1. From the list S65, S112, pick out the single residue that is out of contact with any Pro (no Cβ under 7 Å at 6 or more places or on another chain), of a type in the set (S, T, N, Q) and buried (at least 19 other Cβ atoms within 10 Å of the Cβ).
2. Any residue at all in region 35-45 that's modelled with pLDDT of 95 or more, open to solvent by 10 Å² or more (accessible area, probe 1.4 Å) and either in a helix (DSSP H, G or I) or acidic (D, E) (or both)?
3. Of the conditions (1) open to solvent by 70 Å² or more (accessible area, probe 1.4 Å); (2) among the hydroxyl-bearing types (S, T, Y); (3) touching a His at 6+ places or on another chain (Cβ under 9 Å), T385 fails just one. Which one is it?
4. Against the condition at pLDDT below 95 and not basic (K, R), how does T184 come out, does it pass?
5. Could you grab me the full set of residues in region 81-106 that are buried (at least 19 other Cβ atoms within 10 Å of the Cβ) and among the polar types (S, T, N, Q)?
6. If I ask for residues that are in a loop (DSSP other than H, G, I, E, B) and either farther than 28 Å from D283 by Cα or among the polar types (S, T, N, Q) (or both), which ones from region 221-249 would you list?
7. Which of the residues that make up region 16-26 are more than 19 Å from R55 (Cβ to Cβ) and among the aliphatic types (A, V, I, L, M)?
Amino acid sequence: MVFVKSSQMNSDLLQGLRIVESSAFIAAPLAGMTLAQSGADVIRIDIPGGGIDYRRLPMSPAGRSFYWTGLNKGKRSFAVDLRHPQGQELVRALVTDTDPSGGVLLTNLGTSWLSHDGLSASRPDLISCTIEGNPDGSTAVDYTVNCATGFPMMTGQGTRKAPVNHALPAWDIACAYQAAFAITAAVARRQRQGIGAQLRMALSDVAFATVSHLGLSAEAELMQRDRPAMGNDLYGAFGRDFGSSDGARFFVAAISLSQWNNLLKACELEPTMRELEARTGLDFRKEGDRFEAREVIAQKLAEHVSTMAMAQIAECFNRHGVCWGPYQTVSEALRQDPRLSTANPMFEPIETAGIGRHLAAGSTVRENGATRAPVQPAPVLGQHTDEILMDILRLDAGAVGRLHDAGIVAGPECDPLLGAAR
């Protein structure tokens, strides 16, 4: 696999935009990191010692969360005691700072003292984006939303009595990117019209909107049927997992006609499929007919590939342009897949405090001619407290010192990694 390195990772699409993020879990932090990796200055509001997800598993041997550091790359950390009225006032001042670059809040914590109405009284063009569980404001997380969408009864061999969850927090991820887009769109409108926006989005709305967009709700409503679970088969076309002679497994997809034709050529199955079409009256140029005949097609394909080692299959499929992919663990991908390596310009080794040296991803967006920005690690708690107080809130050294002395703000010494907040 060859990567074109002339298209480098962009870094300045959102340069000049400052976002204050008060968040936990996945959706809001991922939205903030997405904006940061496109050039925005994203300031995390942290509490000394860390918030509810600062120590979430998995953890490094040094006691730092891979999860938290992975979701907070490229941000600045402002550590402040949010129980103290003066600490709350500092955060409000940071959000409503009159600099044109500021005035944007991203949160999923529903804090009353950071309400849009209260903040916009000080800055009328404020943009706030609040991520909720349900649209009525009640609590929900990805896993409680997913179980209500019907997908666990479509996944693997799932049934109503034995639903199957999947490991990917898909609704958190989709919500994060929707939030990043919504903020960017609202900022663009503010630049044109000078007005702010109160944006709210619910995790469950993202999930059920997707159920609608994919036609699942219309199918259930109009056809009076639910999509059944079908193991590893691809719904509506041909796709299934197969095994090689040396015990590896891989997935083959033939959705488009060219993908189907390439698969037949690679496996020398054109005559066999013509005979099968004649016998069944089906036309395998059509996705639906391939889906209907998936069992017998899979049987013929399995007979061919089961005699081949994985290396032979890879060479043959790649030569013929087959759409396929091997099953592999993350560890295997790190060892052998160039897409998860420095061969891919999205990745580079970075040093994260408490984690060590590791591979990390930057922005997924490639812009021709843009200079690739270095991937910035997650901060330690309070790493940027003083520079934020002085550079943005314009406090002098004496005022900053008094805030530290009163325990209202904290610097990196408040991070448990450094042994101060135990």
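The values are calculated or read from the model by the stated rules, or taken from the named source; none is laboratory data. Computed from a prediction, not measured in an experiment: that's the story for all the values here. Cβ: placed from backbone, ideal geometry, glycine included. Neighbour counts: every protein chain shown. Side chains are part of the model used for accessible areas, which takes the heavy atoms of the whole protein and leaves out ligands, DNA and RNA. Shrake-Rupley method; radii C 1.70, N 1.55, O 1.52, S 1.80 Å.
1. Working: S112 fails: buried (at least 19 other Cβ atoms within 10 Å of the Cβ).
The match here is S65.
2. Yes, because at least one residue in region 35-45 is modelled with pLDDT of 95 or more, open to solvent by 10 Å² or more (accessible area, probe 1.4 Å) and either in a helix (DSSP H, G or I) or acidic (D, E) (or both).
3. So the condition that T385 fails would be (1).
4. Values: at pLDDT below 95: no; not basic (K, R): yes.
For T184, the condition - at pLDDT below 95 and not basic (K, R) - is not met.
5. Scanning region 81-106 gives a single hit, T96.
6. Residues of region 221-249 in a loop (DSSP other than H, G, I, E, B): 224-230, 232-237, 244-248.
Answer for region 221-249, where residues must be in a loop (DSSP other than H, G, I, E, B) and either farther than 28 Å from D283 by Cα or among the polar types (S, T, N, Q) (or both): Q224, N232, S244, S245, D246, G247, A248.
7. Hits for region 16-26 are L17, I19, V20.
Quick grid of which residues meet (1) of a type in the set (K, R); (2) under 20 Å from the mean Cα position of the chain (by Cα):
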| position | (1), (2) |
| --- | --- |
| A27 | no, yes |
| L35 | no, yes |
| I43 | no, yes |
| P48 | no, no |
| G51 | no, no |
| R64 | yes, no |
| K73 | yes, yes |
